[in-house]
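Trainee: Quick one: the structure is below, questions incoming.
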Amino acid sequence: MGRRGITEPTAIQTMTVPDGLAGRDVCGKAPTGSGKTIAFGLVLVSRLRRAKPSAPTGLVLVPTRELASQVCAEIDLLDSGRTLRATAVFGGAGYGPQVRRISSASVVVATPGRLEDLISRRDIDLRSVQIAVLDEADRMADMGFLPAVKKILDRLPATRQVLLFSATLDGAVSELITRYQRNPARHDASSPETEPDIEHVFELIPKDRRLRRIAELLDQHEQIIVFCRTKHGSDRVARQLEADDARCAVIHGNRSQAQRERALDDFRRGRARILVATDVAARGIHIDDVPCVVHWDPPDDPKDYVHRSGRTGRAGARGVVVSFVDPSQRRSVMRDMRSIGIDVHFVDGKPPSRARPGELGWLASRVQRPVEFSGSE
């Protein structure tokens, strides 16, 4: 791990890795960016490294294709001896290349829908799986993947080890724990001390001033992820930003896998300073050192606010989350944020009279003024 610049384990790694290495089922609760992938990756690499399978002995289920690719890459980095072969399978890509890679893979990292298709086509045999991992279990439940997840888990050997990681362990996730884990070691790393260091700012700002505000934020932060509610809205915002000479990358459901991978690569390498995305990327992007997240639109589901915001403040870094709120939305936003335990204090996005709107550097001279509301709101 030293070559990765990681010298101390995170809380969730300290809690879960020993039990995972001992062969116990593990149930881990931790916020996004807390090191869950390395935690289960170490267990897979350590316990499966001597296996020479004719079929996969490790299985990781994840909610999105981006996360599948990134988990697979993380396992490859951890497997410094190259004793395992990990491969990612997901929708939006051809079956042929994925099937060929599966034939020599020890670990398959998959989205539930594509894996279910591969099972129905008899392209994969899960009877040799020794360790199964459910990553972002709550997100898979939110996205409606639980029927597929259950069908997949029902096909695994009764002796398999199950590692489950999630930001929440109630509701449908609790059902998975009860049905598919045997006396799991339960660990909760979501204490206030482990919460990410994120400043949340809610700005009352109409849409005609938001492009200007993004320009200001770019003057403060090297890179920004901007979340929009719709695919067309993401494209529109990206076009408008690029018209103002801001290099953007875009990710949403209408983009091909190649386009999505290229967008992530451009953002990681700094060729794009802004990544514009829908909620498809809220849990599928694992990039350290993103300093700022912007909610161009409030999310439809308040829980997605947490997942979007979790793209910053990762690995102990400090992050800033700025939510753009139309004045007509202030009551609904306050209600939604209250439901996830966030106390909202709005600031007025209107610039002071001495400012010169649209200029970089405007933010440094800007004074954010609290907006007073009655307690009934």
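Trainee: Report, in cubic angstrom per residue, the convex hull volume of the C-alpha atoms of the range 107-253.
Mentor: Values: hull volume 27.3 nm³, N = 147.
About 185 Å³ per residue, rounded to a whole number.
Trainee: Within the set of other residues whose C-beta is less than 12 Å from the C-beta of Ala272, count the net charge using Lys and Arg as +1 and Asp and Glu as -1.
Mentor: Details: positive: Arg247, Arg262, Arg268, Arg269, Arg271, Arg273; negative: Glu222, Glu242, Asp265, Asp266.
After counting each charged neighbour, the total is +2.
Trainee: When we measure straight from the Cα of Lys207, which aspartates and glutamates land under 17 angstrom away, once same-chain ones fewer than 8 places off are left out?
Mentor: Glu216, Asp235, Glu242, Asp244, Asp297, Asp326, Asp348
Trainee: I would also like to ask the following. Under the Karplus relation 6.51 cos²θ - 1.76 cosθ + 1.60, θ = phi - 60°, what is the ordered set of whole-Hz ³J(HN,Hα) values for the range 178-188, x standing for Gly and Pro?
Mentor: 5, 7, 10, 10, 10, 6, x, 6, 9, 9, 10
Trainee: May I pose another question? Add +1 for every Lys or Arg and -1 for every Asp or Glu among the other residues with Cβ under 11 Å from the Cβ of Pro184, and state the total. Let's see the in-between values first.
Mentor: On the way: positive: Arg24, Arg182, Arg186; negative: Asp19, Asp25.
So the surrounding residues net to +1.
Trainee: All other residues with a Cβ under 15 Å from the Cβ of Leu126 taken together, and with Lys, Arg as +1 and Asp, Glu as -1, what is their net charge?
Mentor: Values: positive: Arg114, Arg121, Arg122, Arg127, Lys150, Lys151, Arg155, Arg160; negative: Glu116, Asp117, Asp123, Asp125, Asp154.
The answer is +3.
Readers should treat all values here as calculations from the given coordinates under stated rules, not as data from a laboratory. Since the structure is predicted, the reported quantities are computational estimates derived from the model, not experimental observations. Here the Cβ is made from the backbone with ideal geometry for all residues, glycine too, and neighbour counts use every protein chain on show.
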